[in-house]
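Notes for the one structure printed next.
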Amino acid sequence: MTSNLPLNDIAATIEHWLDAMVIGQNLCPFANAARRRGLVSIVVASGSSTEECLQQLSDEAHRLVDSEEERTTLLVLPAGLDDFDDYLDLLALSEALFEDLEFDGILQIASFHPDYQFEGTDKDDVSNWTNRAPFPILHLLREDSVEKAVDSHPDPDSIPQRNIDRLEQLGLAGVLKLLERGH
């Protein structure tokens, strides 16, 4: 969804999604602590071209690598990536950029899109909502932070299925209700 919303409204929409879905439904058992500690940055991209998105991704990646804290960044891409296939193309370019910048093993990207669809699922399958967000997002994570979090979790391999089970319990109507602003 290309947005004409002001940047503050886009960031507020992402904060609501983060609090209601990611943290509220415990889809990421590590997000709540990072959010409470102020370590989650929401950065709304100002451009819409591939080049502008990659430049902002590079800037944010360098900020994360240079940071002493175990920060994470949600780079929100509100313009130009409505089509999921276009988003996947940008994701591939983003991963190649990380290789070029020699951030392999240092940073990783988690991906979210309003039309996210896992291979082998139907478009309307509620399991896709584990990676759906109000706007396309490239989530930049420090690999050392991810490793620490995963090592501290009693059963990290169970997280994806647990998330799918939780969303199936909620059903699509329940997921959509959670995402309503003001809920």
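The values are calculated or read from the model by the stated rules, or taken from the named source; none is laboratory data. Everything numeric here is computed off the predicted structure, so don't read it as measured data. Cβ sites come from the backbone with ideal geometry, for glycine too, and all protein chains shown count toward neighbours. To get the accessible areas, we keep the full protein, side chains included, count just its heavy atoms, and leave off ligands, DNA and RNA. Shrake-Rupley method; radii C 1.70, N 1.55, O 1.52, S 1.80 Å.
A few remarks follow.
- Counted residues, the range 124-167 - those being touching a Gly at 6+ places or on another chain (Cβ under 8 Å) and either closer than 16 Å to residue 73 by Cβ or open to solvent by 40 Å² or more (accessible area, probe 1.4 Å) (or both): 1
- In this entry, residue 58 passes the filter for residues that are under 23 Å from residue 143 (Cα atoms) and assigned to a helix (DSSP H, G or I).
- Test: residue in the range 165-177 that is under 26 Å from residue 64 (Cα atoms) and within 18 Å of the chain's Cα centre (by Cα): no
- Looking at 65, 76, just one residue is in contact with a Phe, Trp or Tyr (Cβ under 9 Å, 6 or more places away or on another chain), hydrophobic (A, V, I, L, M, F, W, C) and either open to solvent by 40 Å² or more (accessible area, probe 1.4 Å) or without any contact (Cβ under 8 Å) to a residue 24 or more places away in the chain (or both), and that residue is 65.
- All positions within the range 29-43 that are closer than 19 Å to residue 151 by Cβ and either free of Cβ contacts under 8 Å to residues at least 24 places away in the same chain or in a helix (DSSP H, G or I) (or both): 31, 32, 33, 34, 37
- Out of 92, 61, 96, 34, sole residue that is of a type in the set (A, V, I, L, M) and modelled with pLDDT under 95: 34
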